[in-house]
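**Q** Dropping the structure in here first, questions after.
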Amino acid sequence: MQDLKSINTSTLANAFYFLACVFLIVYSLSKLSGLLSSIAIAFLIWFLINALVSSLEKLRIFQYKYAKKLVLPFAVIFIFFSLFKITTFIALNIADLGSSLSGIDERLSLLIANLSSDLSIDITQELNKIMQQISIASLINKALGLFSSIFSNSLQIILYVMFLLLDQQYFDAKLKALFPNQDKKEKVEKILHAIAGNIKTYIYITTIISLCTGILTYLICSFFSLEGAPLWGFIAFILNFIPTIGSIIAVLIPSLFALVSLSDISFAFALIPCLAFIQFLLGNIIQPKLMGDKLNISQFVVIFSLVAWGMMWGTIGMFLSIPLMVILSIILSQFDSTKKLAILISANGKISTDKK
């Protein structure tokens, strides 16, 4: 009986410590969101630069002795130039759409009133209540507001990236000093390579799918003569990096804008299923086939992590939710004490150590 009591006490104590630890981690991540999200973005950019470097080094032009020294500077310039062009593109298109967005809520209210009159059903009051809670202009500004939050800290992020690039030549030496035992060092290297490989696969496939989504969205919006087609295509490209919710918003925003801006409302109702079909085809059929079971993360965990990281770090957390869960899943799978958590996170109950 005494042994049973001691076991119960020990179990309760462990559960308490675990919950306290989780609470402390979540609280710290929320309170330090400004600092940590900037660091996370810097690590992502640093990772993209190194991924580009590894790809460029395979090209014949960079096989020569002096050309090899130009690979890293070229990759850095290319990545930051691309980010600069993206910023300029967004700023110009937002300026062009500024006058249109300013009256979108009023025009939508007028559309609701006309629809209510045509149907001879008074739905104005109920729909206006919904519109008071969800402002369409506010929704668009929030979707675009991510970039202002990132680029307001751009200098800080650039400095982080530069120092990471300067320090990376010492990473191997630090790893040897941290893990003098060769077996432990190899295990850590294996974990790091698994993380890098999975994230690289996720970014590569998601970028290709997002690019296709953005181009097709642009073409469809242009076909229906929707104002700001390049911006809607770019928004679809960016939001596709946010699982599930991003695809919904990428359809919702231009669809609502079409309802209040197109002269022929039948065009708007034709536009909506076209945009939805693109998202469904690329996001639910093609992307899962290309990705396979490489990520091996449960759909419930994907949605949960999206909400959790979104609450802690805002829109930036939503974009980073999948890479962060990939890292967590791989790390948890490497230790006996946390392997069960990795199994719960996985999509099929199999983890990396099971595939050896």
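Each reported figure results from applying straightforward, stated rules to the coordinates on display, with no laboratory input. Source: prediction; values computed, not measured. Note that each Cβ is placed from the backbone with ideal geometry, even for glycine, and that neighbours are counted across all protein chains shown.
**Q** Can you give me the P(r) profile for segment 198-292? Cα pairs, bins 10 angstrom wide beginning at 0, each as a whole percent.
**A** 18, 51, 24, 7, 1
**Q** Starting with the highest mean, order 236-242, 20-26, 272-278 by the number of other Cβ atoms within 10 Å, averaged over the residues of each peptide.
**A** 236-242, 272-278, 20-26
**Q** Of LYS174/LYS339; LYS289/LYS339; LYS187/LYS339; LYS176/LYS340, which ones are farther than 24 Å apart at the Cα?
**A** Too far apart for the 24 Å limit: LYS174/LYS339; LYS289/LYS339; LYS176/LYS340.
**Q** Within the set of other residues whose C-beta is less than 15 Å from the C-beta of LYS58, count the net charge using Lys and Arg as +1 and Asp and Glu as -1.
**A** +2
**Q** Separate question: Quick check on segment 293-356: take the gyration tensor over C-alpha atoms, sort the square-rooted eigenvalues as a ≥ b ≥ c, and tell me if it's rounded (a/c under 1.5), prolate or oblate.
**A** Judged from the Cα gyration tensor, segment 293-356 comes out prolate (a/c at least 1.5, a/b above b/c).
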